[in-house]
Amino acid sequence: MIRVLVWNEFRHERTSERVKAVYPEGIHNAIAEFLGKEEDIEVRTACLDEENCGITKEILDETDVIMWWGHMAHGEVPDEVAALVRDAVLDGMGAVFLHSAHHSKPFKALMGTSCNLTWRETGDSEILWVIDPAHPITRGIDRYFRLEHEETYGEPFVIPNPDKVLLIGNYSGGEVFRSGVTYERGNGKIFYFQPGHETFPTFRVPEVQTIIKNAVRFVAPAYRENIGCPHVNTVDSGEPYVR
Ligand code: ZN
């Protein structure tokens, strides 16, 4: 089983009638609902307003893949919590950052750049083009798919060059955006996926769900180990290797 922790800020859904109408149980539960139907995936959720943001080292030790959605309250995530997530990814935990999580503390810590972008909320439609149809994350997706409305995210997206660009979004307002990108950091695999603005039912779109499910399986750890920086003697010394 792949143990997934879906983390959500869960503020908009409680404060905005418009968002509540789309995700009455919160974005985390909308994602957990479709992920939980998969035989090989086990889901838990955690939210910003839980004690310690619902994240401890022990919880992360029992998490294979973390999924992160945040927007208005990135700054309220304590640096220590962001560091726990970053370190778990460096050891091998998988991570999927959704939509406005481009500005979350753990994502920025793993990227090392501002992760800034251009944006607009005018209800543009979006076509997501599959750039890499051979990749496991785009399996089952046609040449492209459409979202009736999304928040517009445009280039320049200030991220390091991705290992792979899997999807490019093209908006009716003209912008293009690197909407699905992968990275490796330490032993961990990372996927950033642009769709998922809180006022649109994006997480109910079948193609979006397929990509998220594929991403969970792709970033799930094959190897998870904290690799230290030990002093070692010569190979002939017979000294055991202690990380
Ligand atoms: Zn948004």
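Dividing the convex hull volume of the alpha carbon atoms of the range 31-159 by its residue count gives 145 Å³ per residue. Helix 206-219 and the longest principal axis of the C-alpha atoms of the chain enclose an angle of approximately 10°.
Binning every alpha carbon pair distance of the chain at 10 Å from zero, what are the percents per bin? P(r) for the chain, in whole percents per bin: 7, 32, 37, 16, 5, 2, 1. Calculated mean residue ellipticity, 222 nm, the chain: -6500 deg cm²/dmol, from DSSP H runs (n ≥ 4) at -39500 (n - 2.57) each, averaged per residue and rounded to 500.
Tell me the Kirkwood hydrodynamic radius of the range 114-243 in angstroms, computed as one over the mean inverse distance between distinct C-alpha pairs. Evaluated on the range 114-243, it is 16.7 Å. Split the accessible area of the range 1-74 by element, probe 1.4 Å, and carbon with sulfur accounts for 47%.
The count of lysine pairs in the chain that are at least 8 places apart or cross chains, and whose C-alpha atoms lie under 26 Å apart, stands at 18. Taking the 1.4 Å solvent-accessible surface of the range 90-164 as the whole, the part contributed by carbon and sulfur is 51%. Rounded to the nearest 10 degrees, the inclination of helix 79-91 to the longest alpha-carbon principal axis of the chain is 70 degrees. Note that the range 185-237, at 25 °C in a medium of 0.890 mPa s, gets a Stokes-Einstein diffusion coefficient of 167 µm²/s from its Kirkwood radius over C-alpha pairs. Relative to one another, the C-alpha centroids of the range 160-200 and the range 1-64 are positioned 20 Å apart.
Amide hydrogen proximity for Val6: with H placed 1.01 Å from N in the peptide plane, the residues at 5 or more positions away or on another chain lying under 5 Å are Arg44, Thr45, Ala46, Met67. Relative contact order of the chain: 20 percent, from C-alpha pairs under 8 Å at least 6 residues apart in sequence. Note on Glu38 and Arg139: the extension gain reaches 34.8 nm, defined as 0.36 nm multiplied by sequence separation minus the Cα-Cα distance.
Just the number, please: percent antiparallel of the DSSP beta bridges in the chain, rounded to the nearest 5.
55
Per residue, the solvent-accessible area of the chain (1.4 Å probe, heavy atoms of protein chains only, all protein chains present) comes to 47 Å². Electrostatic bookkeeping for Phe191 treats Lys and Arg as +1 and Asp and Glu as -1; over the other residues with beta carbon under 14 Å from its beta carbon, the sum is +3.
The Rg/Rh ratio of the range 163-205, with Rg taken over Cα atoms and Rh as the Kirkwood radius over Cα pairs, comes to 1.06.
The values are calculated or read from the model by the stated rules, or taken from the named source; none is laboratory data. As the structure is a computational prediction, the values presented were derived from the model and not from experiment. Don't worry about glycine lacking a Cβ; one is built from the backbone with ideal geometry, like all the others, and counts go over all protein chains shown. These accessible areas exclude ligands, DNA and RNA; they are computed on the full protein's heavy atoms, side chains included. Shrake-Rupley method; radii C 1.70, N 1.55, O 1.52, S 1.80 Å.
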